[in-house]
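Q: This is the structure I have questions about; it appears just below.
The values are calculated or read from the model by the stated rules, or taken from the named source; none is laboratory data. All of these numbers come straight from a predicted model, not from anything done at the bench. In this analysis, Cβ positions are derived from the backbone assuming ideal geometry, glycine residues included, and neighbour counts consider all displayed protein chains. Surface areas here come from the heavy atoms of the whole protein model, side chains and all, with no ligands, DNA or RNA. Shrake-Rupley method; radii C 1.70, N 1.55, O 1.52, S 1.80 Å.
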Amino acid sequence: MNFLIISHAAHHKIEGQYYAYAPYVREMNLWLKHVDQVEIVAPVSSVLDKTINLAYEHHNILISEVPAFSLVNYKEKLLSLIKLPKILWTIFKAMKQADHIHLRCPGNIGLLGCMVQILFPKTPKTAKYAGNWDPKARQPWSYKLQKWLLSNTYLTRNMQVLVYGKWPDQSRNIKSFFTASYFEHEKAPVTTIDYTQSIHFCFVGSLVKGKQPLKALEFVEKLQKKGKNAILHIYGEGPERKAIENQIQKRELEESVVLHGNQPKGKIKQALQDYHFLILPSQSEGWPKVVAEAMFWGCIPMVTPISCLPWMLDYGKRGMLMDDNNLDETAERLIHLLKTPKQLEDMASRAVAWSRQYTLDKFEEELRKVLA
C-alpha cells in the first residue's frame, strides 16, 4: 500500500531520517506498521529540537516538501496566493499515486487536502481531526470549512473521519475515536500522594496564549494568598515564556514557579507521577494527550470545560473542571477538597481506571480496523 499523509506539521531530514513533533510521530508510526511505502506532503524546517521531535520508523518514506502558509493577516494572505499553486499541484500529484489518503486536520495544509481529495472519490481515505469537533465551538472560519467538507458525504467520499468525543447529529462517515500514549506493558502501580503538605501543580504544553499558561500562574498565586503552599512546574517553550518570566518577577513568585523548558517524554512521565495536579486552562483542545497521560498516573487534571474534556473527566468525577474567568471560585472548591483527601484519592483512582482503558495496544487494534 502506498500511504499518503497530508500534514501541516514541520518535518526535518537529519542523517537520512525524517523527524517531526514527537506525539504525532509516535501515533503515525503505528499507522505505518501496516503500509509498504509512505509519502508525506508537509513543510520542511531546518530547525530540529530532539527533545520534542522524533524520527519516523519506516524504511520507505518520501517527503514532498511544500511551503508553510498563514492566513492571519493581509500580508500573509497575499503571500499565500503565490504559494498555493505549487502546494495544490504537489498534493494533487501525490493523491493521484496514493492507495490510501490520510489527512491531518485542522491545519492550512489539511484544508487544501480536504479540497483536493474531492477529485479522488474512489481512493480510500481517512482524516484525523485532532482539534475540537464540538459543533457549537467558536472557531476560525478555516476550521469550520474543514469540518463542513469532511462531514459532507457528497463531496467527501470513501472516507472515515476520526474525531474526539461523541457529538449528536453527525454524518455517517464521522467516527468517534481516541488517542493514547502508553502501551499495556507500561502500566505500573500508582503511589498514593499526600495531599496534606505542599501541593504541586504542573503545566505541560506549548507556552502560547491559547493554552493560557499565565492563568495557571495566576491560579497558584491565588491559592498562596488563601494560605496554601502551592508550587507550579511549567514544562514547555513558546512565545509566552517572556511574559511568564516577567510575571514571576513582578509577583515575586521565584520560589514557587519553576520553568523547566522542553523536556523528553521520560521526564514528563516522572513529573506526572510525582505531582498532585495537572493544570491546563486551555481555550481550545481536541483530545489533549497530556490530560490522559496525567490521569494514567493519578495526577488529577484541572481543565477548562472545552471539547471532549468534560466527558473525559466524567463531568468532574475524574478531575476538576475549572472556570478560567473565575479562578477564585475554582480555588475555593479545591481548598474544600483538600480538607478531605479521601475524595481526591477517589478522584485520582477513577482517573487511573478510565485512562488505562486507552492504551497504544488498543489504539493499534482500532487502526487495523480503520485501514482494513
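Q: Give TYR164, TYR129 a once-over and let me know the one that is modelled with pLDDT of 95 or more, under 24 Å from GLU293 (Cβ atoms), open to solvent by less than 30 Å² (accessible area, probe 1.4 Å) and in contact with a Gly (Cβ under 8 Å, 6 or more places away or on another chain).
A: Details: TYR164 fails: modelled with pLDDT of 95 or more.
Step by step, each of TYR164, TYR129 is checked, and only TYR129 is modelled with pLDDT of 95 or more, under 24 Å from GLU293 (Cβ atoms), open to solvent by less than 30 Å² (accessible area, probe 1.4 Å) and in contact with a Gly (Cβ under 8 Å, 6 or more places away or on another chain).
Q: Would you mind finding the one in LEU309, LEU272 that is touching a helix residue (DSSP H, G or I) at 6+ places or on another chain (Cβ under 8 Å) and either at pLDDT below 95 or not aliphatic (A, V, I, L, M) (or both)?
A: LEU309
Q: When you look at ILE174, is it of a type in the set (Val, Ile, Thr) and closer than 30 Å to GLN224 by Cβ, yes or no? Before the answer, list the steps.
A: Values: of a type in the set (Val, Ile, Thr): yes; closer than 30 Å to GLN224 by Cβ: no.
No.
Q: Going by what's in this entry, would ALA331 be described as within 25 Å of THR51 (Cβ to Cβ), touching a residue at least 40 places away in the same chain (Cβ under 8 Å) and among the small types (Gly, Ala, Ser)?
A: Values: within 25 Å of THR51 (Cβ to Cβ): no; touching a residue at least 40 places away in the same chain (Cβ under 8 Å): yes; among the small types (Gly, Ala, Ser): yes.
Answer is no for this residue.
Q: May I ask you to verify whether GLY266 is among the small types (Gly, Ala, Ser) and on the phi > 0 side of the Ramachandran plot? It would help to see each step written out before you state the result.
A: Values: among the small types (Gly, Ala, Ser): yes; on the phi > 0 side of the Ramachandran plot: no.
Judged against the criteria, GLY266 is not a match.
Q: Here's another thing I want to ask about it. Among what's in the range 197-247 and is among the basic types (Lys, Arg) and either farther than 18 Å from GLY261 by Cβ or open to solvent by less than 10 Å² (accessible area, probe 1.4 Å) (or both), pick the residue that is nearest to the chain's Cα centre (by Cα). Spell out the reasoning first.
A: Residues of the range 197-247 that are among the basic types (Lys, Arg), as a first pass: 209, 211, 215, 222, 225-226, 228, 241-242.
Next, from what is left, pick out any that are either farther than 18 Å from GLY261 by Cβ or open to solvent by less than 10 Å² (accessible area, probe 1.4 Å) (or both): 209, 215, 222, 225-226, 228.
Values: LYS209: 15, LYS215: 19, LYS222: 28, LYS225: 32, LYS226: 33, LYS228: 31 Å.
That would be LYS209.
Q: Could you give me the residue pairs with C-beta distances under 7 Å whose first residue belongs to the range 259-277 and is part of a loop (DSSP other than H, G, I, E, B), whose second residue is open to solvent by 40 Å² or more (accessible area, probe 1.4 Å) wherever it lies, and which are 6+ apart or on separate chains?
A: Listed pairs, sorted by first residue: ASN262/ASP49; ASN262/THR51; ASN262/ILE52; ASN262/GLU237; GLN263/THR51; PRO264/THR51; TYR275/HIS200; HIS276/HIS200.
Q: So, ILE174, is that one more than 30 Å from ASN152 (Cβ to Cβ) and among the hydrophobic types (A, V, I, L, M, F, W, C) or not? Explain how you work it out, then say what you get.
A: Numbers: more than 30 Å from ASN152 (Cβ to Cβ): no; among the hydrophobic types (A, V, I, L, M, F, W, C): yes.
Criteria not met by ILE174.
Q: What do you reckon, is SER181 at pLDDT below 95 and not in a loop (DSSP other than H, G, I, E, B)?
A: Details: at pLDDT below 95: yes; not in a loop (DSSP other than H, G, I, E, B): no.
So SER181 does not fit the description; no.
Q: Do the conditions hold for ASP324, that is, is it within 24 Å of LEU214 (Cα to Cα) and either surrounded by 15 or more Cβ atoms within 10 Å (Cβ to Cβ) or modelled with pLDDT of 95 or more (or both)?
A: Details: within 24 Å of LEU214 (Cα to Cα): yes; either surrounded by 15 or more Cβ atoms within 10 Å (Cβ to Cβ) or modelled with pLDDT of 95 or more (or both): yes.
The answer is yes for ASP324.
Q: Looking only at residues that are open to solvent by 20 Å² or more (accessible area, probe 1.4 Å) and in a loop (DSSP other than H, G, I, E, B) in the range 346-372, which one is modelled with the lowest pLDDT?
A: Result: ALA372.
Q: Provide a single number: the residues in the range 260-288 that are crowded, with 21+ Cβ neighbours inside 10 Å and charged (D, E, K, R).
A: Summing the residues that are crowded, with 21+ Cβ neighbours inside 10 Å and charged (D, E, K, R) in the range 260-288 gives 1.
Q: When the range 69-96 is examined, which residues are found to be open to solvent by 60 Å² or more (accessible area, probe 1.4 Å), hydrophobic (A, V, I, L, M, F, W, C) and outside any helix (DSSP H, G or I)?
A: Result: VAL72, single match.
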